[in-house]
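Chemist: I am attaching a structure below and will ask some questions about it afterwards.
The values are calculated or read from the model by the stated rules, or taken from the named source; none is laboratory data. Because the structure is a prediction, the values reported are computed rather than measured. Cβ sites come from the backbone with ideal geometry, for glycine too, and all protein chains shown count toward neighbours. Note: accessible area is taken over every heavy atom of the protein model, side chains too, but ligands, DNA and RNA are not part of it. Shrake-Rupley method; radii C 1.70, N 1.55, O 1.52, S 1.80 Å.
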Amino acid sequence: MKKIIILGGGTAGTIMANKLRKALERNEWKITVIDKHRTHYYQPGFLFIPFGIYNRQDVVKPKMDFIPAGVEVLFTDVDCIHADNSELVLTDGTIMKYDILIIATGAQTRPDQIPGLTEKLWYKKIYDFYTIEGALALREFLKKWEGGNLIINIADMPYKCPVAPLEFAFLADEYFTKIGIRKKVNIKYVTPLSGAFTKPRATRMLSDLLVEKNIEIIPDFYLERVDNDKQTIVSYDGREIPFDLLTIVPVNMGDEVIARSGMGDDLNYVPTDKHTLQSKNFENVFVIGDASDIPTSKAGSVAHFSAEILFENLMSYIEGRPMLAKFDGHANCYIETGFGKGSLIDFNYDTEPLPGTFPLPGIGPFGLLKNTKTNHYGKIMFRWIYWHILLKGKEMPIEPLMTMAGKCKKC
Amino acid sequence: MASKTYAGKTVEVTDEGYFVNSSDWTVEMAHEIAKEEGLSLTDKHVAVLNFIRDKHAKGEVLTIRAIGKSGIVDIKGFYELFPGSPLKLASKIAGIPKPSSCV
Ligand SMILES: Cc1cc2nc3c(=O)[nH]c(=O)nc-3n(C[C@H](O)[C@H](O)[C@H](O)COP(=O)(O)OP(=O)(O)OC[C@H]3O[C@@H](n4cnc5c(N)ncnc54)[C@H](O)[C@@H]3O)c2cc1C
């Protein structure tokens, strides 16, 4: 019997397990999913927790609910991948052989990478909203906070869902307005980028929104450390910004097992062919989702689109045919902009987010780079779609490769 | 697109001054580009430029953190060598495309 191991049962790994189990004969292929945690988190929902819009139950479900019958599941960490021998070693020493390995270990926040971040102010006046723990702790803090300097900072690139901290800024503006203390809260958006976003048109649209909402943007700020005594963040070029509340996106990195196995770059991401999704170094290893180093957003939508491409390529690989499906880096992100509105960007390796409309049979059209109520519903609906359609690897009425339909280059 | 002459050779550059073909680059040219940016290159600068050209040639995504781990400079040192936006400045002088770190 031949074996496929899917390492990581998050968004991407779960989609792949569903697609592959349906396509491959059970008496020919054994499929195993290995994950170190039993709970599946709907990470995009973390953003809404600090403001009391979602609570814990809205964003967690057991992983087992989404893994199809006929797939073996092991809940354990992995000590090491020996890709030269096509095997991996579990923490209890068990050796598992594979014919094909799919790495889907995602990206994690690493607050330990910034000096001073996890010292005495951590979870007292400094919070992250990229973990369930951080989002819930921040919720409690905000219930009692009376205002001051709110600093929203991104420690380093790349990080998951590049628009999430902007959405956080917009939602914070709405939240403080609604509870009547917006005048007492000074919101600053401090980023290592040269603007709100790097792609020019999206930056323009998002910067205008920040100005409109009285959120100050401080660009080109590359965080060196946090000074707990002075309550400031300090950049490598010596600038210091005081905070009363710091909400931060810590450095994001791939899992340590990638580093332990000598398979990653300096942020533990696995070098991957950006079109075929095959590992650059090992022919029978494929990489999907945030774990790879492909130059597109680390986002659930990317995991979903690239799953279709990887699935086609794996079928070709298994049958000894050339891998012809090519991923284009397609990403599609709803941006929550506060007060019941939202925006939408759709882009790939070569095309920056453009204005226009995004056709979606039956539901859309959504306005691209526009601030509308329909886009907000798109974001809210996405949670339902995520649990019921996306994770199960079902067909969605949206193409994996980006289309120019509805987009406008000259607008 | 525009063109520029460095060290007696005319090369194609983008509107922002980044090389279109990174293979056009030589160290002599780097010294002249640096001068335009108000910098005078030391051996340390050149070592960093070679490091990032090498990373670029391998198709790796450049980050400030990676340069901090290069063993040539730490991140603070990188800022001192190429003040302001070090990754952009160094990429320009190294004759490689403008970094697009946000994806
Ligand atoms: C606050 C926030 C907001 C976001 N908003 C959006 C959004 O609006 N739209 C969007 O498209 N995306 C969004 N994202 C991003 C999206 O959630 C991720 O890109 C997506 O979940 C990536 O899927 P993945 O399978 O690569 O990784 P994950 O879903 O993170 O799964 C990785 C899995 O691997 C397991 N694992 C890791 N290492 C090991 C190991 N050594 N051994 C065993 N198991 C291991 C983990 O336990 C985990 O289950 C957001 C993310 C955050 C944090």
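Chemist: What do you get for the angle between helix A:300-318 and the principal long axis of chain A? Use alpha-carbon atoms, 0 to 90 degrees, nearest ten.
Modeler: Roughly 10 degrees between the two axes.
Chemist: Based on DSSP H runs of at least 4 residues, each adding -39500 (n - 2.57), what is the mean residue ellipticity at 222 nm of chain A after dividing by all its residues, to the nearest 500 deg cm²/dmol? Don't jump to the answer; show the numbers that get you there.
Modeler: Numbers: 8 runs with 95 residues, N = 411.
Result for chain A, helices only: -7000 deg cm²/dmol.
Chemist: Separate question: Would you jot down the residues in the range A:155-178 that end up with at least 40 Å² less accessible area in the complete protein assembly than in the chain alone, with a 1.4 Å probe?
Modeler: Correct list: A:M157.
Chemist: For the pair A:N186/B:T5, report the inter-label distance in nm, with labels modelled 7 Å from Cα in the Cβ direction.
Modeler: Going by the 7 Å Cα→Cβ label model, 5.2 nm.
Chemist: Can you compute 3J(HN,Hα) from phi for each residue in the range A:139-144, using the Karplus curve 6.51 cos²θ - 1.76 cosθ + 1.60 with θ = phi - 60°, rounded to whole Hz and x for Gly and Pro?
Modeler: 4, 4, 4, 5, 4, 10
Chemist: Assign one of three labels to the protein assembly as shown, namely rounded, prolate or oblate, based on the Cα gyration tensor with a ≥ b ≥ c the square roots of its eigenvalues; rounded applies when a/c is under 1.5, prolate when it is not and a/b is larger than b/c, and oblate otherwise.
Modeler: It comes out rounded by the Cα gyration axes.
Chemist: Please calculate how many Å² of accessible area the range A:145-214 carries per residue, with a 1.4 Å probe and no DNA, RNA or ligand atoms counted.
Modeler: Per-residue accessible area for the range A:145-214 comes out at 35 Å².
Chemist: Taking the Cα centre of the range B:2-93 as the origin, how large is its charge dipole in debye, to the nearest 20, when only Lys and Arg (+1) and Asp and Glu (-1) carry charge on their Cβ atoms?
Modeler: Working: 12 positive and 13 negative charges, 65 e Å.
Taking the Cα centre of the range B:2-93 as origin, the dipole is about 320 debye.
Chemist: Does anyone have the angle between helix A:164-178 and the longest principal axis of chain A? Alpha-carbon axes, 0 to 90°, nearest 10?
Modeler: Here the helix axis deviates by roughly 40 degrees.
Chemist: As I understand it, the dipole of the protein assembly as shown uses +1 on the Cβ of Lys and Arg and -1 on the Cβ of Asp and Glu, about the Cα centre. Which of A:Y334, A:V163, A:G13 lies farthest toward its positive end?
Modeler: A:Y334
Chemist: For helix A:11-23, report the angle its Cα long axis makes with the longest principal axis of the Cα atoms of chain A; keep it between 0 and 90° and round to the nearest 10°.
Modeler: So the inclination is approximately 30 degrees.
Chemist: Quick check for me: using +1 on Lys/Arg Cβ and -1 on Asp/Glu Cβ, what's the dipole size of the range B:29-68 about its Cα centre, in debye to the nearest 20?
Modeler: Taking the Cα centre of the range B:29-68 as origin, the dipole is about 200 debye.
Chemist: For the protein assembly as shown, build the charge dipole from Cβ charges (+1 Lys, Arg; -1 Asp, Glu) around the Cα centre, then report which of A:I4, B:Y79, A:Y130 sits farthest towards its positive end.
Modeler: Selected residue: A:Y130.
Chemist: Keeping all protein chains in the complex and leaving out DNA, RNA and ligands, what accessible area do you get for A:C411 with a 1.4 Å probe, in Å² to the nearest 10?
Modeler: 100 Å²
Chemist: Right, something else. Using only alpha carbon positions, build the gyration tensor of the range A:282-411, then give the equivalent ellipsoid semi-axes as the square roots of 5 times its eigenvalues, largest first, whole angstrom.
Modeler: The equivalent ellipsoid of the range A:282-411 has semi-axes of 28, 16, 13 Å.
Chemist: Another question, if that's okay. Given a 1.4 Å probe and no ligands, DNA or RNA in the count, how much accessible surface is buried by A and B, both sides, to the nearest 100 Å²?
Modeler: Chains A and B together bury roughly 1800 Å² of accessible area.
Chemist: Per residue, how large is the accessible surface of chain B? Use a 1.4 angstrom probe and give square angstrom.
Modeler: Accessible surface, normalised per residue, equals 48 Å².
Chemist: I need the GluC sites (Glu not before Pro) found in the range A:1-84, filtered to DSSP loop residues with at most 13 other beta carbons within 10 Å of theirs.
Modeler: Counting only loop positions with at most 13 other Cβ atoms within 10 Å, the GluC sites (Glu not before Pro) in the range A:1-84 are A:E25, A:E28.
Chemist: Moving to a separate point now. Assuming a ≥ b ≥ c are the square roots of the Cα gyration tensor eigenvalues, decide whether the range A:331-390 counts as rounded (a/c under 1.5), prolate (otherwise, with a/b larger than b/c) or oblate.
Modeler: Working: a/c = 1.61, a/b = 1.19, b/c = 1.36.
Oblate is the answer for the range A:331-390, as a/c is 1.5 or above yet b/c matches or exceeds a/b.
Chemist: Obtain the nm distance between the two label points defined at B:E28 and A:A69 by a simple spin-label model: each point lies 7 Å from its Cα along the Cα-to-C-beta direction.
Modeler: 7.5 nm
Chemist: Then there's this: Only loop residues by DSSP count here, and only those with at most 11 other Cβ atoms within 10 Å; note down the trypsin sites (Lys or Arg not before Pro) in the range A:1-30 that meet that.
Modeler: none
Chemist: For the pair A:K326 and A:H82, how long in nm is the line joining their label points, each one 7 Å along Cα→Cβ?
Modeler: If labels sit at A:K326 and A:H82, their model points lie 3.8 nm apart.
Chemist: Quantify, in whole percent, the carbon and sulfur part of the accessible surface of the range B:2-93 (1.4 Å probe; protein heavy atoms only).
Modeler: Reported share for carbon and sulfur atoms: 49 percent.
Chemist: Kindly flag which residue pairs out of A:K143/A:K178; A:K184/A:K213; A:K3/A:K63; A:K213/B:K88; A:K30/A:K326; A:K30/A:K61 have an alpha-carbon separation exceeding 23 Å in this structure. Before the final figure, lay out the partial values.
Modeler: Details: A:K143/A:K178 13 Å; A:K184/A:K213 14 Å; A:K3/A:K63 21 Å; A:K213/B:K88 30 Å; A:K30/A:K326 26 Å; A:K30/A:K61 25 Å.
Pairs exceeding 23 Å: A:K213/B:K88; A:K30/A:K326; A:K30/A:K61.
Chemist: So which cysteines in chain A don't have a second cysteine's C-beta under 4.7 Å from them?
Modeler: Cysteines lacking a close Cβ partner in chain A: A:C80, A:C161, A:C333.
Chemist: Would you kindly find the accessible area of A:E312, with a 1.4 Å probe and non-protein molecules such as ligands, DNA and RNA excluded, rounding to the nearest 10 Å²?
Modeler: 100 Å²
Chemist: Would you work out which of B:N21, B:H45, B:L62 lies farthest towards the positive end of the dipole of the range B:2-93? Charges go on Cβ: Lys and Arg +1, Asp and Glu -1.
Modeler: So the residue we want is B:L62.
Chemist: Given a 1.4 angstrom probe, I'd like the percentage of the accessible area of the range A:111-252 that is carbon and sulfur, rounded to a whole number.
Modeler: 50 percent
Chemist: Relative contact order for chain A using alpha-carbon pairs under 8 Å, separation at least 6, rounded to a whole percent?
Modeler: Over chain A, the number comes to 17 percent.
Chemist: How large, in percent, is the carbon and sulfur part of the accessible surface of the range A:331-390 at a probe radius of 1.4 Å?
Modeler: Numbers: 1420 of 2280 Å².
Taking all protein chains in place, the range A:331-390 shows 62 percent carbon and sulfur surface.
Chemist: Can you compute the charge dipole magnitude of the protein assembly as shown about its Cα centre, using +1 on each Lys and Arg Cβ and -1 on each Asp and Glu Cβ, nothing else charged? Give it in debye, rounded to the nearest 20.
Modeler: Approximately 1520 debye in magnitude.
Chemist: Answer rounded, prolate or oblate for the range A:38-179, using the Cα gyration tensor with square roots of eigenvalues a ≥ b ≥ c: rounded when a/c is under 1.5, else prolate when a/b is larger than b/c, else oblate. Intermediate values should be presented prior to the final figure.
Modeler: Values: a/c = 2.69, a/b = 1.94, b/c = 1.39.
Prolate, since a/c reaches 1.5 and a/b exceeds b/c.
Chemist: If you count, for every residue in B:59-68, the Cβ atoms of partner chains within 10 Å of its Cβ, what is the mean? Could you put the intermediate results ahead of the total?
Modeler: Working: counts 6, 5, 9, 0, 7, 5, 9, 3, 1, 2.
Neighbouring Cβ atoms belonging to other protein chains average 5 per residue here.
Chemist: Turning to a different aspect of this structure: Work out from phi, with θ = phi - 60° and the Karplus expression 6.51 cos²θ - 1.76 cosθ + 1.60, the ³J(HN,Hα) of each residue of the range A:277-289, listed in order in whole Hz, and give x for Gly and Pro.
Modeler: Taking θ as phi minus 60°, the curve returns 6, 7, 4, 6, 9, 10, 5, 9, 10, 10, 10, 9, x Hz for the range A:277-289.
Chemist: Accessible area per residue, 1.4 Å probe, Å², for the range A:331-390: what's the number?
Modeler: Heavy-atom SASA per residue in the range A:331-390 reads 38 Å².
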